[in-house]
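The values are calculated or read from the model by the stated rules, or taken from the named source; none is laboratory data. What you are looking at is a predicted structure, and each value in this text was computed from that prediction instead of being measured. Because the Cβ atoms are built from the backbone with ideal geometry, glycine has one as well, and the counts that use them run over all protein chains shown. Accessible surface areas use protein heavy atoms only, side chains included; no ligands, DNA or RNA. Shrake-Rupley method; radii C 1.70, N 1.55, O 1.52, S 1.80 Å.
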Amino acid sequence: MDLPDKAMPVYKGALLLSQRSNHPYMTPILLGRVGLCYMQIGDTVRAESHLVAAIGTATEGFASVPARVALASLRIRQRRPTDAVPLVDSIRSFARNNELDGPNWLGDAYYLRARIDTTLEDFERALLQLDTCIKRTTEMNIAHGCVACLLMRAQLLDRLGDLKREEADLLQILELAQGRTLLLERSMAAQRLKSLYARQGRIRDELRMTEQLKDLGDTLHAIDAEKALMAMDFNAAIREDSLSFLAQQGAAAKKHANELGKEQNRRTWLMAALLFAAGAATAIWNRTKILRRANQAILEAQSRLLASERAREASEVRTRIARDVHDQLGSDLTKLVMLSTEAKVVAQGEPSGLSSIANDIERIAGEANRSLG
């Protein structure tokens, strides 16, 4: 659910267990996972130390490849491309020599090498790397890898001024990036196409991309809302588990106190000290009463905290929905301005085309009104 701060303590707990049992395979994998969590939260120093440790502790080469991929990406992000070159070469060499590609490790090597070459401004070499990566991922039917390479190649082609090939790559991304997992990449491709069409004066194509971006934005907002609800359910489940755990602890303490009382009574009976037995029973009863009151206070405090958190999270969801409605209305108004501009141009040339534009304006205005409703 994109919550690395919550995933990290679980990975660290698993890592501790793996280190205690001297597990040769899971230890480097878990070190790499912790390093990725640090990368996601922006702690590059700890991320690098964990990834380097993952590579150093791997007794078998394939166990270190995910950490090598992550570390190479981190060093490219840190503007240290020359430090990333040996890592990429080792990934490529391992994938070729062992004939074991895992999740497209060879394709990752080509993609990372292209990023390095782009940072070093060796664009021709970067394009060759991307061509190979696209060919490989297409043959292996790995959509996410192919889309990433196509998007990067489109950016390079834009810098080189080859707008025709850039458009072809972006259209191919829209065709490949189907499903929920690649919505962000599809949105990025549509945004670049819209900008490309605007620069070329292709108003209808630009409007078509604007419509597609609106649909993608609605879907992304729906997914964000779904993630927010998942996070709320997740947090509520954690709190309910905590309440249940406290109740179980209270019951166990009460049971333990009763057992102590019985044992004390047996000892008192054997010693024939009735007075002592009565005093012990009174002390046990008082202890049970105090525990019951303490547990009740804890349960009430947890319930109040749960209600407060739910109210806060509901407020955040309402704020997000309001922002989404604002963005959608802004998009519709932008389209109305574009159509008005086109209407002025058509009015000066062929007025018969105004009817179609007027219909589009009426439709978009109706959609904006329904969205506000």
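What the table shows:
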item: Test: residue in the stretch 92-105 that is within 22 Å of T119 (Cα to Cα), open to solvent by less than 40 Å² (accessible area, probe 1.4 Å) and among the aromatic types (F, W, Y); result: yes
item: Residues located in the stretch 324-347, provided they are among the basic types (K, R) and open to solvent by 70 Å² or more (accessible area, probe 1.4 Å); result: K344
item: Evaluation of E139 against (1) under 27 Å from L176 (Cα atoms); (2) buried (at least 20 other Cβ atoms within 10 Å of the Cβ); (3) not hydrophobic (A, V, I, L, M, F, W, C) (one fails), failing number; result: (2)
item: Residue among R68, R79, R75 that is surrounded by fewer than 19 Cβ atoms within 10 Å (Cβ to Cβ) and more than 20 Å from the chain's Cα centre (by Cα); result: R79
item: Residue match in the stretch 132-140 (condition: of a type in the set (V, I, T), part of a helix (DSSP H, G or I), modelled with pLDDT under 90 and closer than 29 Å to E342 by Cα); result: no
item: Scope the stretch 296-318; condition within 27 Å of the chain's Cα centre (by Cα), free of Cβ contacts under 8 Å to residues at least 24 places away in the same chain and open to solvent by 80 Å² or more (accessible area, probe 1.4 Å); matching residues; result: R312, R318
item: Which numbered condition A281 fails, given (1) more than 30 Å from K254 (Cβ to Cβ); (2) modelled with pLDDT of 80 or more; (3) surrounded by 14 or more Cβ atoms within 10 Å (Cβ to Cβ); (4) among the small types (G, A, S); result: (1)
item: Residues that are part of a helix (DSSP H, G or I), open to solvent by 60 Å² or more (accessible area, probe 1.4 Å) and under 20 Å from L333 (Cβ atoms), drawn from the stretch 355-373; result: N359, E362, R363, N369, R370, L372
item: Some residue of the stretch 285-295 being in a helix (DSSP H, G or I), out of contact with any strand residue (DSSP E or B) (no Cβ under 8 Å at 6 or more places or on another chain), within 30 Å of E211 (Cβ to Cβ) and open to solvent by 50 Å² or more (accessible area, probe 1.4 Å); result: no
item: Residues of the stretch 2-24 satisfying the condition of being in contact with a Lys or Arg (Cβ under 6 Å, 6 or more places away or on another chain) and open to solvent by 80 Å² or more (accessible area, probe 1.4 Å); result: none
item: Residue in the stretch 40-50 that is out of contact with any Leu (no Cβ under 6 Å at 6 or more places or on another chain) and in a loop (DSSP other than H, G, I, E, B) present; result: yes
item: Single match in R293, R370 (criterion: more than 30 Å from E206 (Cβ to Cβ) and out of contact with any Lys or Arg (no Cβ under 9 Å at 6 or more places or on another chain)); result: R293
